[in-house]
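One structure below.
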Amino acid sequence: MKLFALLQEGRQYSMVWPVKPELNSLFPENKIIQLTSLGFRYLPGLAVLTAFFQLTLLGSGFTGQILAMMLFILSLPLQGWYWLGVRSSTRLPPALVSWCRQIRQQMQEQGVETPAVNEPRNYLDLANTLSIAYKQLDKTFMRPWL
């Protein structure tokens, strides 16, 4: 898969995944998504600010190191989106497949339209199911799994 497609898939996955506190103990996605969005918001300014101070204090002799440091700081959110892109296409373990089926069954019992995918294959399918479940069902659907 191409790098830019993987980064875009990770960004889409971060928008679909429901960031709920009760999922913190089950999945690392919440922390990765929050840190990536925080980094995307504040790290460009931090990179420019630290480069300015280093250039002022150290002089132009360290321009190569300053640029390398800036590129590293700017790449941190990209690393988060890369991880999320890889995670979104990772196959679900059997326990999560059955959990996703049970959530979909609860959704169908309450008359909620389920995602078009018949069998959940990857974490993106799980994210779509959880997102719809959090919007349409009451919060008790999570109790048996916490």
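At-a-glance table
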| quantity | calculated |
| --- | --- |
| Residue in the range 20-41 that is farthest from residue 125 (Cα to Cα), counting only those that are part of a loop (DSSP other than H, G, I, E, B) and either aliphatic (A, V, I, L, M) or free of Cβ contacts under 8 Å to residues at least 24 places away in the same chain (or both) | 24 |
| Which listed residue is assigned by TED's automatic domain parsing to the domain that holds residue 26, part of a helix (DSSP H, G or I), within 19 Å of the chain's Cα centre (by Cα) and among the aliphatic types (A, V, I, L, M), from 74, 67, 57, 49 | 74 |
| Residues within the range 95-134 that are more than 21 Å from residue 15 (Cβ to Cβ) and either among the hydroxyl-bearing types (Ser, Thr, Tyr) or assigned by TED's automatic domain parsing to the domain that holds residue 29 (or both), tallied | 1 |
| Some residue of the range 65-77 being under 30 Å from residue 135 (Cα atoms) and either of a type in the set (Phe, Trp, Tyr) or surrounded by 11 or more Cβ atoms within 10 Å (Cβ to Cβ) (or both) | yes |
| Every pair of residues 6+ apart whose Cβ atoms lie under 9 Å, when the first sits in the range 5-19 and is in contact (Cβ under 8 Å) with a residue 12 or more places away in the chain while the second is acidic (Asp, Glu) | 13/29; 14/29; 17/29; 19/29 |
| When residues of the range 94-121 are limited to those that are surrounded by fewer than 18 Cβ atoms within 10 Å (Cβ to Cβ) and either among the charged types (D, E, K, R) or modelled with pLDDT of 95 or more (or both), the one farthest from the chain's Cα centre (by Cα) | 109 |
| Identity of the residue in the range 13-33, under 8 Å from the mean Cα position of the chain (by Cα) and polar (S, T, N, Q), that ends up nearest to residue 131 (Cα to Cα) | 14 |
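The values are calculated or read from the model by the stated rules, or taken from the named source; none is laboratory data. Note that this is a predicted model, so its numbers are computed, not measured. So basically every Cβ, Gly included, is an ideal-geometry build from the backbone, and we count neighbours across all protein chains shown.
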